[in-house]
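A.B. asks: Okay, handing you the structure first.
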Amino acid sequence: MADMAVADGNDSVVLSAKETINSMSDDKKKALKGWYFFDWANQAYALTVMTVIAPQLMAALYNTATGTQSGDAFYAWILTISMVFVVITAPALGVIADKMPIKKKLLKWYTLVGIIFTALMGAAPYFGSQGYIILALMYTIGTVGFTGGNVIYYSFMPYLAPRKCQDHVSTWGYAYGFMGGSLLLIFHLIILQAPEAIIDWDWKFKMAVIFATSSIWWWGFGLLMFKWTPEPEIPSSMEWNGIKDATKVAYAQVFKTFREIKRFKVLAYFLLAYLLFYDGVNTIASMASAFGESVLRLNQSMNVMLLLTVNIVAIPMTIVFGKLADVKGTKFALMLALLIYCFVAVVAAGFAPLELEGEEDAERYDFTFEWDNDTKEYELKTLYDRGYESWVGETAAGDAEFRESFQQYFPTNSTDYDKESTGSSTIGGGLLVCLIILVFIVIIGGGVMFIQNKELGAMGILAMILIVVVGIAGASLMANQADDTKKEEHVIDEANAAAIVANYDNASDHRFSIIFVDGPQKGESEVGKRHPTIVDQGGPVDGWAEFMRDKVWEPLNLGVAMQWIILGMFVGVAMGSAGAQARSMFSQLVPETRTSEFFGFFGFLGKSAAMIGTFLYGIASTTFDSRVAILTITLVILAGTYLTSKVDLEEGIRVAEEEDAKNRSLAADN
């Protein structure tokens, strides 16, 4: 494969990138397809887990445990911590891979860690009030596995096709990723949105299924790269003397590269720009789901719809921007994508829920009591069917006033909390769920691997799908999720309803809304001053959100769900394009003879950017609020875009080619 990284045959001079790829041998095309499918596979983590489900779930669990709406800030700090581990190891990984032919071995172990802890995240809601802590721990380890593996995965690209084809390879890699991620998102959307007649699971079990299937998806399709894509043929110039010695050698090379980077001034300048704009791009993508939960109180399924919209738009737009790069240049396409991102961030800071309008908006209230004329009782319905316990923290200080004023009048069977006994946590139950999930993954994943090794074609794909479906159905039966017995009703009598309404004036410092539909208390409602529809909560830019709601969202009757879909459309235009063009631009500036080392730096800066971006978000949201945090990220993207405009791509390519010529000459002499 090494010859593909350096080959510049006569045919390649006259052939287009696509024609050059098509002229490659079958084995090399299969190796490239295996690399594409790894992008397809790990989007299970990048999109479903890291971008949609885990941020929202962590923010929700944190909000419930603390009685606040600052779960997005907590998630930002956890993501920052996880990135610290990656930042520490990314450069060393690149150098070790440059010196030793162990790219696939390193990728295998990082992927294995990611797959295991992705599955285990599904157990977090079963840990009760400690759930957000457990999820944070598992998410940190899983993210290290995913992002560390990506550093190695990216370093394969220069060995798979000639330099002139890097735009093509990068663009199609992203396109495969978006297509794979979209298919999995559709499946997860079905799980979240399916009517009870089809999927009658509680929200905890749904989370477990989503995380488990994400893990299996990553495992099943990721195997194709390990089967089809060989280890790049590089000379091994470093003997393996243990991890300690390897790390020492690696960091010595890292510091040497830092000292030498000034010889690649254009590359260094681009890396600085990349550090800034990728900071913003990555932070917006990472924080959107947590922002939607904490600031807008969005339905979880809307976060899936957001990413699905992003991917549907991104698939063709990534290819369009790839063609734009062929015509107008990589730098032009990248800058256009970044400017679109800036526009998206400014608009997102102005997102706001429409004001609650009484009974006509009853489905948007957190707690809705509907009158039953037959029983003369009010039945409790909760927002998104999460239940009282998943909204109001049992001991959360932030929910104390709400509990003291209203909880005693709510249905008793809705406020008993998920405890084994009074005061005892559900850690034991959570650990049991962890064990069950691991057994499920091993059985189903092993079955998928067995069928895949048989190479049965279309029949094999159907068989693998059947195994997963049967496995999920079996797990639901074991978990009593398919119990046809009548569901427990949550009702209160007229006296308790009157007591709740009477206490409206005694409680305002809370984050919930209550309304009574029909009956003696018809139309009586309460909205706490910390509820998301109360936009002006003293923040520096709350006026921008109020302006957007009064002048744009209200007149057009665009609720947060539609605002979120609009966001997805614009992000989809730029998301894949920015990543693909940045990766392509970097590959053009890197000497081919030092690919893994420099891709290690690329990964290092990418993860540093993610760390810095989420760190800035955490600081801004903690000091001010989440809207200020979003606008702070916008300024960072603008700074990176400006620096990108100053990059001299032609000069950078010339310097890289000179470095290659020198290194190859030295290698030939030796």
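A.B. asks: What's the center-to-center distance, using Cα atoms, between the range 108-124 and the range 278-302 in Å?
C.D. replies: 22
A.B. asks: Can you tell me what share of the DSSP beta bridges in the chain is antiparallel? A percent to the nearest 5 is fine.
C.D. replies: 75
A.B. asks: Using r as the Cβ-Cβ distance of SER645 and LYS529, and R0 as 41 Å, what FRET efficiency do you calculate, to the nearest 0.05?
C.D. replies: About 0.35, to the nearest 0.05.
A.B. asks: A follow-up question, please. Pop the C-beta distance of LYS323 and ILE565 into the FRET formula with R0 = 22 Å and round what comes out to the nearest 0.05.
C.D. replies: Efficiency for this residue pair is about 0.25.
A.B. asks: SER16 label point, 7 Å along Cα→Cβ, cut-off 16 Å on backbone N: hits in the range 319-341?
C.D. replies: Taking a point 7 Å out along Cα→Cβ of SER16, the residues of the range 319-341 whose backbone N falls under 16 Å are 319-329.
A.B. asks: Using 7 Å Cα-to-Cβ label points, what is the SER508/ILE186 separation (nm, one decimal)?
C.D. replies: 5.0
A.B. asks: Same structure again: Taking just the alpha carbons, could you work out the radius of gyration and Dmax for the range 154-200, both in angstroms?
C.D. replies: 17.7, 54
A.B. asks: For the range 463-575, rounded, prolate or oblate, judged on the Cα gyration tensor with a ≥ b ≥ c (square roots of eigenvalues), a/c < 1.5 rounded, else prolate if a/b > b/c?
C.D. replies: Here the range 463-575 falls in the oblate category.
A.B. asks: Could you tell me the calculated FRET efficiency between LEU431 and ARG263, based on Cβ-Cβ distance and R0 = 60 angstrom, to the nearest 0.05?
C.D. replies: 0.65
A.B. asks: A follow-up question, please. Please list TRP564, TRP217 in order of solvent-accessible area, largest first, computed with a 1.4 Å probe with all protein chains present.
C.D. replies: Sorted descending by solvent-accessible area, the residues read TRP217, TRP564.
A.B. asks: Provide the per-residue ³J(HN,Hα) series for the range 270-284, in order, calculated from phi with Karplus coefficients 6.51, -1.76, 1.60 and θ = phi - 60°, each as a whole number of Hz, with x at glycine and proline positions.
C.D. replies: Running phi through 6.51 cos²θ - 1.76 cosθ + 1.60 with θ = phi - 60° gives 5, 4, 5, 4, 4, 4, 7, 6, 5, 3, x, 4, 5, 5, 4 Hz.
A.B. asks: Using the Karplus curve 6.51 cos²θ - 1.76 cosθ + 1.60 with θ = phi - 60°, work out ³J(HN,Hα) for each residue of the range 24-40 in order, rounded to whole Hz, and write x for Gly and Pro.
C.D. replies: 5, 5, 4, 5, 6, 5, 5, 4, 5, 5, x, 5, 4, 5, 5, 4, 4
A.B. asks: Please report the equivalent ellipsoid semi-axes of the range 24-73, computed as sqrt(5 x eigenvalue) of the Cα gyration tensor, largest first, in whole Å.
C.D. replies: Semi-axes, largest first: 41, 6, 4 Å.
A.B. asks: While we're on this one: Could you rank the peptides 27-38, 497-508, 294-305 by their average count of other C-beta atoms within 10 Å per residue, with the highest value first?
C.D. replies: 294-305, 27-38, 497-508
A.B. asks: Using all C-alpha to C-alpha distances in the range 309-429, build P(r) with 5 Å bins and read off the rounded percent in each one.
C.D. replies: Calculated over all Cα pairs of the range 309-429, the distribution is 2, 8, 11, 12, 11, 9, 7, 8, 8, 8, 7, 5, 3, 1, 0 percent.
A.B. asks: What is the spin-label model distance, in nm, from PHE226 to GLU196 if the labels are put 7 Å beyond Cα along the C-beta direction?
C.D. replies: The answer from the label model is 4.3 nm.
A.B. asks: Binned at 10 Å from 0, what are the whole-percent values of the Cα-Cα distance distribution for the range 56-205, short to long?
C.D. replies: Histogramming the range 56-205 at 10 Å steps yields 10, 27, 34, 20, 8, 1 percent.
A.B. asks: Show me the ranking of peptides 534-541, 395-402, 513-520 by mean Cβ neighbours inside 10 Å, starting with the highest.
C.D. replies: Sorting 534-541, 395-402, 513-520 by mean packing, highest first, produces 513-520, 395-402, 534-541.
A.B. asks: As an exercise, find the ratio Rg/Rh for the chain from alpha-carbon atoms, using the Kirkwood inverse-distance average for Rh.
C.D. replies: 1.00
A.B. asks: Evaluate Rg over Rh across the range 13-53, taking Cα atoms for both radii and Kirkwood's formula for Rh.
C.D. replies: A ratio of 1.24.
A.B. asks: Go through 53-62, 193-202, 333-342, 378-387 and give me the packing order, highest mean Cβ count within 10 Å leading.
C.D. replies: 53-62, 333-342, 378-387, 193-202
A.B. asks: Under a plain spin-label model, where a point goes 7 Å from the Cα along Cα-to-Cβ, how far apart in nm are LYS105 and LEU339?
C.D. replies: Each label point is offset 7 Å from its Cα along the Cβ direction, giving 4.9 nm.
The values are calculated or read from the model by the stated rules, or taken from the named source; none is laboratory data. Just so it is clear, the model here is predicted, and its values are computed rather than measured. As a convention, Cβ positions derive from the backbone with ideal geometry for all residues, glycine included, and neighbour counts pool all protein chains shown. The area values use the complete protein model at the heavy-atom level, side chains included, leaving out ligands, DNA and RNA. Shrake-Rupley method; radii C 1.70, N 1.55, O 1.52, S 1.80 Å.
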